[in-house]
Amino acid sequence: MGPFLFNQVDSFAAEPYSNSDNVPEFSTQHLSYPQIDFPKSANTVTWNKVYDKGQVSTDTECDSQQGNEDIRYDVRYVNNHVISVAWTDYTYCDGTPHGFFSSGSDNRVWDQGSRELTPTDVFTTGWPAKLQQLFWDALLKKGWKPRDDEEKRAILETVIEPKKWSFTNEGLSVSFGAYDAGCYGCDPGVTTVRWINLRPLLTTSSLLP
């Protein structure tokens with residue numbers, strides 16, 4: 001992708017326990033993260049160090065520490081300045097009616113020491129309200145509607161949070177977590193605003209696309 005070849009590194013952990021019926025079970029953890037294959041510069045070596053997540057532990061987000069967790073980091077976009085990585089974390093805790101998931105992103109300017117990408121690297125002043133309107137138009141176009149003003153407010157706050165931005169060849173995407181709309185499963189799913197619609201918001205020196 002872009003100028004690089006990426007390898008996926010997978011790490012696994014498991015720990016035995018007995019459930020409420022005294023049946024043997026295992027708490028399992030899976031973590032996957034990307035690494036640039038054969039990094040040739042100090043900047044690519046630094047990026048690999050930032051994304052080296054090491055060995056996964058058996059700790060989970062479950063209060064009882066009994067359950068399964070799957071964490072994945074996926075490269076979504078690469079150019080000569082930026083690498084955009086999205087992550088998802090799905091957890092199921094033993095004895096609960098359903099699992100839950102969260103999502104986010106990490107966008108780094110790899111040719112500048114892998115510093116975090118900031119809104120000023122991409123957008124002009126006054127971008128938040130304009131970006132909210134673009135995402136709102138995209139949500140309505142896909143047929144999603146909030147149940148109330150609180151749900152709408154939660155969604156509009158999410159789309160201007162840089163930690164939720166994932167860049168792709170198509171545009172800027174936001175992947176909503178299970179509770180990002182205020183209640184479990186109320187989120188509208190992955191939503192994208194295309195580059196052609198974003199161009200009026202971009203600075204003349206934007207690092208994207």
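Of the residues making up the range 99-142, those that are surrounded by 14 or more Cβ atoms within 10 Å (Cβ to Cβ), farther than 17 Å from Ser84 by Cβ and modelled with pLDDT under 95 are Gly99, Phe100, Phe101, Ser102, Leu139. Taking the range 2-13 as the range and being touching a residue at least 40 places away in the same chain (Cβ under 8 Å), on the phi < 0 side of the Ramachandran plot and not in a strand (DSSP E or B) as the test, the residues that pass are Pro3, Phe4.
Based on what the data block shows, is Gly104 in the same structural domain as Gly67 (by TED's automatic domain parsing), touching a Phe, Trp or Tyr at 6+ places or on another chain (Cβ under 7 Å) and not in a helix (DSSP H, G or I)? Break it down into steps so the answer makes sense when it comes.
Values: in the same structural domain as Gly67 (by TED's automatic domain parsing): yes; touching a Phe, Trp or Tyr at 6+ places or on another chain (Cβ under 7 Å): yes; not in a helix (DSSP H, G or I): yes.
It is true that Gly104 is in the same structural domain as Gly67 (by TED's automatic domain parsing), touching a Phe, Trp or Tyr at 6+ places or on another chain (Cβ under 7 Å) and not in a helix (DSSP H, G or I).
Exactly one of (1) touching a strand residue (DSSP E or B) at 6+ places or on another chain (Cβ under 7 Å); (2) surrounded by 12 or more Cβ atoms within 10 Å (Cβ to Cβ); (3) under 30 Å from Asn169 (Cα atoms) is unmet by Thr60. Its number? Checking Thr60 against (1) touching a strand residue (DSSP E or B) at 6+ places or on another chain (Cβ under 7 Å); (2) surrounded by 12 or more Cβ atoms within 10 Å (Cβ to Cβ); (3) under 30 Å from Asn169 (Cα atoms), the one that fails is (3). Of all residues in the range 27-41, those satisfying the criterion of being loosely packed, with under 15 Cβ neighbours inside 10 Å and within 17 Å of Asn79 (Cα to Cα) are Asp37, Lys40, Ser41.
Condition check: surrounded by 17 or more Cβ atoms within 10 Å (Cβ to Cβ), out of contact with any strand residue (DSSP E or B) (no Cβ under 9 Å at 6 or more places or on another chain), farther than 30 Å from Pro16 by Cα and of a type in the set (A, V, I, L, M). Does Leu156 satisfy that? When the stated conditions are applied, Leu156 passes them.
Yes/no matrix, rows are residues, columns are (1) modelled with pLDDT under 90; (2) among the charged types (D, E, K, R); (3) more than 22 Å from the chain's Cα centre (by Cα); (4) not in a strand (DSSP E or B):
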site	(1), (2), (3), (4)
Lys40	no, yes, yes, yes
Asn43	no, no, yes, yes
Asn48	no, no, no, yes
Gln55	yes, no, no, yes
Thr60	yes, no, no, yes
Val75	no, no, no, no
Asn80	no, no, no, yes
Ser84	no, no, no, no
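Selection of the range 108-121 for residues being part of a loop (DSSP other than H, G, I, E, B) and closer than 19 Å to Ser175 by Cα yields Leu117, Thr118.
Tell me the residue from Pro16, Pro24 that is surrounded by fewer than 17 Cβ atoms within 10 Å (Cβ to Cβ), in contact with a Ser or Thr (Cβ under 7 Å, 6 or more places away or on another chain) and without any contact (Cβ under 8 Å) to a residue 12 or more places away in the chain, please. The match here is Pro24. Considering the range 75-96, and only residues there that are out of contact with any Asp or Glu (no Cβ under 9 Å at 6 or more places or on another chain) and closer than 22 Å to Thr58 by Cα, the residue that is surrounded by the most Cβ atoms within 10 Å (Cβ to Cβ) turns out to be Thr96.
The values are calculated or read from the model by the stated rules, or taken from the named source; none is laboratory data. If you're wondering where the values come from, they're calculated on a predicted model, not measured in any experiment. Neighbour counts are summed over all protein chains in view; Cβ atoms, including those assigned to glycine, are modelled from backbone coordinates with ideal geometry.
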